[in-house]
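The values are calculated or read from the model by the stated rules, or taken from the named source; none is laboratory data. Keep in mind the model is a prediction, meaning the values are calculated, not measured. Virtual Cβ from ideal backbone geometry, glycine too; neighbours counted across all protein chains shown.
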Amino acid sequence: MTLSVSAPSGDAQGMTIVARTQGQLVRRRFFQHKAAMAGLTVLLAIVVLAFTSVGFGPFDGWWKYNWTQTGTVVNGGQPTLTLWPFSLGEHPFGQDNVGKDYFALVMRGAQQSLLVAFLVGIVATTVGTLVGSLSGYFRKWTEAVLMRWTDVMITIPVLLIAAIVGRMAGGSGIIVLGLALGLVIWPQLGRLVRGEVLSLREREFVEAARAIGTRPRRIIFKHILPNTLGIIIVSATLTIANAILLESALSFLGVGVQPPDISLGQLISFYQGAMLTRPWLFWWPGVFIIAIALSINFIGDGLRDAFDPRQNRVRA
């Protein structure tokens, strides 16, 4: 909606007052968050680079090597990447001890780590949202059962239970691994959603919906959950950031992604002994893990500030 107001004096110019919706304010705050924009740019660049360079599924990539192709180790396998003048060379990230192109290995590892992380984020967000909304709305025995289950999950160290689950599901592929890990790290989100639902269920619009006979399922999904969307989205981004670190830790311990597939954490585990002699084999996957985790965290910070109702001033 746009309201035009003309000043009474001849010297003053007309003013245009723009009334923005909540969604427009959220988008504007997010796009004005410099750290979030930097994180989004880095994340998109990594995703595009990882999935287009070595290909994915039936689609071929533009890079001339793949992660399974061996060859002759040239110049000790040192990286050929130069920043000035910029040149990729034959093996920009170097080669491993059997002559595999390390750029292709890191790109494949980034693919698998990203897929697992986003699968974990989707599953954990879905489960946490359902558990939190049901326990917060219905209360009584529903809340007692679901919250005691949540408390039990929280008391067990995440890495311990994730290692057990990863050991059982790691050999079944990344999809099963992502689904299994998602069923482990949802409790924090579940408690956050429950707290929001507890405060919203007593609001006037929910009482009015109950008074006219609206079913609980419709009240939850049409009236309550849309008002908790901000906290759900922010928590989902932070869950994905935690998932990339968790998958890397599990793969480093040997209970995550299993050979013949590869992940960033697995590359660090394989070549940790080469840190002093061939440090590029250790540092490249580590740099990508840090870049992905930090960029997702920056995006989460931007979303948190954008959804915060106290951020009611937007720069022109």
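Give the range 179-204 a look and list any residue that's β-branched (V, I, T) and within 22 Å of K140 (Cβ to Cβ), or say none. Step through it out loud before you land on a result.
Quick first cut of the range 179-204, residues β-branched (V, I, T) only: 184-185, 193, 197.
Residues satisfying the conditions are V193, V197.
Quick grid of which residues meet (1) surrounded by fewer than 19 Cβ atoms within 10 Å (Cβ to Cβ); (2) in contact with a His (Cβ under 8 Å, 6 or more places away or on another chain); (3) touching a residue at least 24 places away in the same chain (Cβ under 8 Å):
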| site | (1), (2), (3) |
| --- | --- |
| T52 | yes, no, no |
| W62 | yes, no, no |
| W67 | no, no, yes |
| N75 | yes, no, no |
| L88 | yes, no, no |
| D96 | no, no, yes |
| V116 | no, no, yes |
| G121 | no, no, yes |
| V127 | yes, no, yes |
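Of the residues V158, V193, V165, which single one is modelled with pLDDT of 85 or more and touching a Leu at 6+ places or on another chain (Cβ under 9 Å)? If you could, list the steps in order and put the result at the bottom.
Working: V158 fails: modelled with pLDDT of 85 or more; V165 fails: modelled with pLDDT of 85 or more.
Checking each option against the conditions leaves just V193.
Do we find that V131 is over 30 Å from I262 (Cα atoms), buried (at least 21 other Cβ atoms within 10 Å of the Cβ) and of a type in the set (A, V, I, L, M, F, W, C) in this structure?
Details: over 30 Å from I262 (Cα atoms): yes; buried (at least 21 other Cβ atoms within 10 Å of the Cβ): yes; of a type in the set (A, V, I, L, M, F, W, C): yes.
Here the answer is yes, as V131 does meet what is asked.
Scan (1) over 27 Å from V54 (Cα atoms); (2) without any contact (Cβ under 8 Å) to a residue 60 or more places away in the chain for the single condition S172 breaks and write down its number.
That leaves (1) as the condition not met.
From the list I224, I232, I220, pick out the single residue that is closer than 26 Å to V176 by Cβ and of a type outside the set (D, E, K, R).
Details: I224 fails: closer than 26 Å to V176 by Cβ; I220 fails: closer than 26 Å to V176 by Cβ.
The unique qualifying residue is I232.
Testing R278 on (1) outside any helix (DSSP H, G or I); (2) surrounded by 15 or more Cβ atoms within 10 Å (Cβ to Cβ); (3) within 25 Å of the chain's Cα centre (by Cα), one condition comes back false. Which one is that?
(3)
Would you check if there is a residue in the range 110-119 being over 23 Å from Y271 (Cα atoms) and in a helix (DSSP H, G or I)?
yes
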